[in-house]
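Following: one structure in structure tokens, then a few remarks.
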Amino acid sequence: MGQLDETDITILGILQKDAKKTAKEIAQNLNLTVSPVYDRIRRLEKQGYIKKYVAMLDKKLLALPVTAFCQVSMRYHEEAFIEKFEEQIQSLPEVQECFHMAGKVDFILKINNRSLEDYHDFVKYKLSKIENIGVLNSSFVLKEIKHTSAFNIAPGKISKR
């Protein structure tokens, strides 16, 4: 994997803010021609720096205003139990994000629902049916202060794989 230069990092920054920017628009912003910018974007995709392009949706307009963070502690920590849990979580569309943690809690899940009642039903009828869950602890978002998917990237700070 090659090292990123300032132009690559600038392109990544632009695309993080607005993935709909075209190579032409980015080239104009950087005072470059379209072809090398297009080639750089394709290279960044092939090298895995750009994993995919998505649209960030408004959860309130989609009637999914309740955000919960659910801390999950497992009863047993053998590899097979962890793998089975991860597999089952993948099949639950309500779970937006899942992180395997170090510390007192084994997993943290991010879930958006229409209401507290819907969250209750999700826990009761889906999440609690997963084997090996010992403790569930839920926290609910009162107010979203900052929401971004952008990384703070700067020249010289990118790891070389």
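The values are calculated or read from the model by the stated rules, or taken from the named source; none is laboratory data. These numbers come from a predicted model, not from an experiment. For neighbour counting, all protein chains shown are included, and Cβ atoms are generated from backbone atoms with ideal geometry for every residue, glycine included. All accessible areas refer to the heavy atoms of the entire protein, side chains included, with ligands and DNA or RNA removed. Shrake-Rupley method; radii C 1.70, N 1.55, O 1.52, S 1.80 Å.
Looking at segment 1-50, which of its residues are assigned to a helix (DSSP H, G or I), among the aliphatic types (A, V, I, L, M) and open to solvent by 60 Å² or more (accessible area, probe 1.4 Å)?
In the first step, residues of segment 1-50 are kept if they are assigned to a helix (DSSP H, G or I); the result is 6-17, 23-30, 34-46.
Those still in the list that are among the aliphatic types (A, V, I, L, M) too: 9, 11-12, 14-15, 23, 26-27, 30, 34, 37, 41, 44.
V34, the sole residue that qualifies.
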**Prompt:** So N132 clears everything in (1) out of contact with any Gly (no Cβ under 7 Å at 6 or more places or on another chain); (2) in contact (Cβ under 8 Å) with a residue 24 or more places away in the chain; (3) at negative phi except one condition, right? Which one?
**Reply:** (3)
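Hey, among Y76, Y119, which residue is over 16 Å from the mean Cα position of the chain (by Cα) and over 28 Å from H147 (Cβ atoms)? Spell out the reasoning first.
Details: Y119 fails: over 28 Å from H147 (Cβ atoms).
Every option except Y76 fails the conditions.
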**Prompt:** Got a number for residues in segment 102-124 being in contact (Cβ under 8 Å) with a residue 12 or more places away in the chain, open to solvent by 70 Å² or more (accessible area, probe 1.4 Å) and under 21 Å from Y76 (Cβ atoms)?
**Reply:** 1
